[in-house]
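Shown next, in structure tokens, is the structure this report addresses.
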Ligand SMILES: Cc1ncc(COP(=O)(O)O)c(C=O)c1O
């Protein structure tokens with residue numbers, strides 16, 4: 001079984017590029033060039049250098065001793081939270097800004113949910129001196145205020161998306177609309193492993209540095225490159241894709257994908273796409289999608305802005321359909337509790353997105369000898385207000 005994209009842009013039956021005719025030249029330009037550009041030695045050199053000196057990679061692989069003791073298994077945290085700007089999102093934006101420059105683009109647009117991708121995009125635009133416009137749902141603007149301020153300080157224009165649930169999906173719609181209107185000079189930096197081919201593959205390749213590092217880091221800790229499990233939360237699926245990438249074809253490594261159940265999978269207020277989704281098309285790709293009987297997209301809900309998306313990237317839809325990954329759904333309450341637990345046991349305040357991945361230890365029993373690597377995709381600074389309100393701190 002192949003879990004990577006094929007030459008037509010599909011993961012099994014999912015993926016492809018379902019785009020309006022007006023976007024075709026942009027997407028096709030990228031499709032024809034992305035692998036060539038990524039293979040250029042000068043590109044690789046600049047990418048690697050910036051990941052090292054600017055982002056601060058490699059991010060540590062940390063053995064979480066007290067957490068491991070509590071759950072009687074060996075838990076390692078891949079510390080993407082320690083990256084510059086506080087999450088894994090910067091790996092992708094560094095790659096895409098270098099891509100945009102080589103394609104001669106001068107204007108950058110992006111969508112953001114939790115604001116981490118918006119901040120990461122505003123950051124690389126400042127670094128390269130390019131104009132930056134970030135679309136963000138009005139609800140997310142309210143619940144992620146610190147990140148909105150950061151984007152503005154970095155010189156970006158933040159445009160509120162006022163339609164639909166006023167969250168990530170709607171911000172993505174606005175960004176696509178902008179791109180259609182500005183096809184020549186603009187590059188759209190998509191922030192997750194979603195969108196029309198080649199985006200899911202390109203984003204996955206930029207994020208694959210995560211599992212590339214886990215391999216040699218785990219070898220140092222445990223004498224083996226392969227853990228028993230790799231675990232990550234899934235919004236669109238970019239930190240997950242990067243965490244799984246070099247393990248996709250290692251059958252002894254089990255994959256766990258953690259989705260947001262919101263108020264409960266059956267509550268009507270959820271973002272658990274693998275359970276609630278059916279095949280459909282969103283934002284240019286065929287994937288699993290939460291939708292009504294007549295194909296209208298269902299509004300997703302999660303306490304975490306970064307997981308509040310009605311679909312998953314096509315790679316994850318394929319991993320779900322083939323059974324390669326086990327999907328678990330975590331409620332708001334379970335995630336918040338797991339987030340606070342990490343604070344108390346390890347002195348690390350995680351992003352609420354990452355807290356979803358941590359919450360699986362209350363649901364699933366691992367063996368004492370199991371090595372479980374969890375992607376700690378981001379830090380909790382942006383979520384302090386949410387934690388404060390939730391726990392009445
Ligand atoms: C810290 C963090 N983790 C995870 C996610 C989810 O995105 P993805 O599924 O693309 O990794 C986000 C999205 O904003 C995020 O900010």
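Quick check on the stretch 96-119. Is at least one of its residues more than 30 Å from residue 364 (Cβ to Cβ), more than 13 Å from the ligand (Cβ to nearest atom) and within 16 Å of the chain's Cα centre (by Cα)?
Of all residues in the stretch 96-119, those more than 30 Å from residue 364 (Cβ to Cβ) come to 96-112, 115, 118-119.
Subset that is more than 13 Å from the ligand (Cβ to nearest atom): 96-109.
With the extra rule that they be within 16 Å of the chain's Cα centre (by Cα), the set shrinks to 96.
For the stretch 96-119, residues more than 30 Å from residue 364 (Cβ to Cβ), more than 13 Å from the ligand (Cβ to nearest atom) and within 16 Å of the chain's Cα centre (by Cα): present.
Take the conditions closer than 21 Å to residue 102 by Cβ, under 19 Å from the mean Cα position of the chain (by Cα), within 15 Å of the ligand (Cβ to nearest atom) and buried (at least 18 other Cβ atoms within 10 Å of the Cβ) and apply them to residue 209. Does it pass? Reasoning before the result, please.
Working: closer than 21 Å to residue 102 by Cβ: yes; under 19 Å from the mean Cα position of the chain (by Cα): yes; within 15 Å of the ligand (Cβ to nearest atom): yes; buried (at least 18 other Cβ atoms within 10 Å of the Cβ): yes.
Judged against the criteria, residue 209 is a match.
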Wholly inside the stretch 20-126, strands (runs of 3 or more DSSP E) that include 3 or more residues that are over 18 Å from residue 194 (Cα atoms) and touching a strand residue (DSSP E or B) at 6+ places or on another chain (Cβ under 8 Å) are 61-63, 74-79
With respect to the numbered conditions (1) within 16 Å of the ligand (Cβ to nearest atom); (2) modelled with pLDDT of 95 or more, which one is the sole condition not fulfilled by residue 47? (1)
Out of all the residues in the stretch 360-370, is one or more within 26 Å of residue 222 (Cα to Cα), within 14 Å of the ligand (Cβ to nearest atom) and crowded, with 20+ Cβ neighbours inside 10 Å? no
Whether any residue in the stretch 258-278 is within 30 Å of residue 224 (Cα to Cα) and either in contact with a strand residue (DSSP E or B) (Cβ under 9 Å, 6 or more places away or on another chain) or within 16 Å of the ligand (Cβ to nearest atom) (or both) is what I want to check. yes
Checking residue 241 against (1) assigned by TED's automatic domain parsing to the domain that holds residue 358; (2) more than 21 Å from the chain's Cα centre (by Cα); (3) surrounded by 16 or more Cβ atoms within 10 Å (Cβ to Cβ), which test does it fail? (2)
Quick one: residue 151 ticks every box in (1) more than 22 Å from the chain's Cα centre (by Cα); (2) more than 24 Å from residue 257 (Cα to Cα); (3) touching a residue at least 24 places away in the same chain (Cβ under 8 Å) bar one, so which box is it? (1)
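Every residue, every condition in (1) under 21 Å from residue 236 (Cα atoms); (2) part of a loop (DSSP other than H, G, I, E, B); (3) within 16 Å of the ligand (Cβ to nearest atom), yes or no:
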position	(1), (2), (3)
155	no, yes, no
165	yes, yes, yes
169	yes, no, yes
173	yes, no, no
191	yes, yes, yes
Can you tell which of 266, 252, 332 is modelled with pLDDT of 95 or more and buried (at least 21 other Cβ atoms within 10 Å of the Cβ)? 332
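Quick one: how many residues across the stretch 214-257 are on the phi < 0 side of the Ramachandran plot and within 13 Å of the ligand (Cβ to nearest atom)? Write out each step before concluding.
Keep residues of the stretch 214-257 that are on the phi < 0 side of the Ramachandran plot, which gives 214-222, 224-236, 238-257.
Among the residues that remain, those that are also within 13 Å of the ligand (Cβ to nearest atom) are: 231-236, 238-245, 257.
Within the stretch 214-257, residues that are on the phi < 0 side of the Ramachandran plot and within 13 Å of the ligand (Cβ to nearest atom) number 15.
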May I ask you to list the residues in the stretch 99-128 that are without any contact (Cβ under 8 Å) to a residue 60 or more places away in the chain and surrounded by fewer than 24 Cβ atoms within 10 Å (Cβ to Cβ)? 101, 104, 126, 128
Residue ID - surrounded by the most Cβ atoms within 10 Å (Cβ to Cβ), chosen from residues in the stretch 77-92 that are farther than 20 Å from residue 343 by Cα and within 12 Å of the ligand (Cβ to nearest atom): 89
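The values are calculated or read from the model by the stated rules, or taken from the named source; none is laboratory data. The structure presented is a predicted model; accordingly, all values stated were derived computationally and were not measured. When we count neighbours, we look across all protein chains shown, and the Cβ atoms used for this are built from the backbone with ideal geometry, even at glycine.
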